[in-house]
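What follows is a single structure, written as structure tokens, with notes after it.
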Amino acid sequence: MRTFMLFVIGLTFGAAGGFVVAAANGITFDGHDHAQIGAHAGMDHAAMGHGDMDHSAVHDQAFEVAADIAPELEVMVMKDPMAGYNLNVMVKDFIFSPTSASLAHVPGEGHAHVYVNGVKLSRLYGEWMHLDALPKGTVEIEVSLNTNDHRPLAVNGVPIEAKTTITVE
């Protein structure tokens, strides 16, 4: 019985000590939201009962916005004094909403998708982004506005997007 009690005491203090050390070093034990689209990236959807569901199909269905209330979008790319380039995304009648990403659509808010030479680089939740390691030569930077649930915004079937081309030496 004494051995068992020492084991329990050691286990209790060991676990508590581990949590204290982790907390002191800024480590958190956060879970993840199973409702998040990317939470199970790379998993076998067929084994989870999702069959052949194509999540990207949802992202391809544009969300139509009336022209008189549609957000406006402009982009500007400038060379960073240290390295790479800085992308400035200027919007009107649109709010970047990182806390609502992958949640239900709310009119007038969402995020942007940034593409380099037609390949998606990242989501964007604000006006500025540093672009490093761009390929040499002519590079097309494209930004599209998207709903919280990742549908591209469009007016009369035309996506709300802006493009610019730079030359990387």
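The values are calculated or read from the model by the stated rules, or taken from the named source; none is laboratory data. All of these numbers come straight from a predicted model, not from anything done at the bench. As a convention, Cβ positions derive from the backbone with ideal geometry for all residues, glycine included, and neighbour counts pool all protein chains shown.
Quick one: which residue in Arg123, Arg151 is under 16 Å from Lys163 (Cα atoms), among the basic types (Lys, Arg) and in contact (Cβ under 8 Å) with a residue 12 or more places away in the chain?
Values: Arg151 fails: under 16 Å from Lys163 (Cα atoms).
Only one candidate qualifies: Arg123.
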Exercise for the section: Kindly indicate whether any position in the stretch 102-114 is over 16 Å from Ala66 (Cβ atoms), part of a loop (DSSP other than H, G, I, E, B), polar (S, T, N, Q) and under 16 Å from the mean Cα position of the chain (by Cα). Expected result: yes
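Could you list, in sequence order, all residues of the stretch 131-162 that are assigned to a strand (DSSP E or B) and among the acidic types (Asp, Glu)?
As a first pass, look at the stretch 131-162 and keep what is assigned to a strand (DSSP E or B): 131, 137-146, 152-155, 158-159, 161-162.
Selection gives Glu140, Glu142, Glu161.
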Handout entry: Pair list, Cβ < 9 Å and 6+ apart or interchain, from the stretch 73-91 residues that are closer than 15 Å to Thr167 by Cβ to residues that are at pLDDT 95 or above and assigned to a loop (DSSP other than H, G, I, E, B)
Key = Gly84/Leu134; Tyr85/Leu134
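Based on this model, can you work out whether His113 counts as closer than 19 Å to Lys163 by Cα, surrounded by 12 or more Cβ atoms within 10 Å (Cβ to Cβ) and at pLDDT 95 or above? Full working, then the answer.
On the way: closer than 19 Å to Lys163 by Cα: yes; surrounded by 12 or more Cβ atoms within 10 Å (Cβ to Cβ): yes; at pLDDT 95 or above: yes.
Yes, satisfied.
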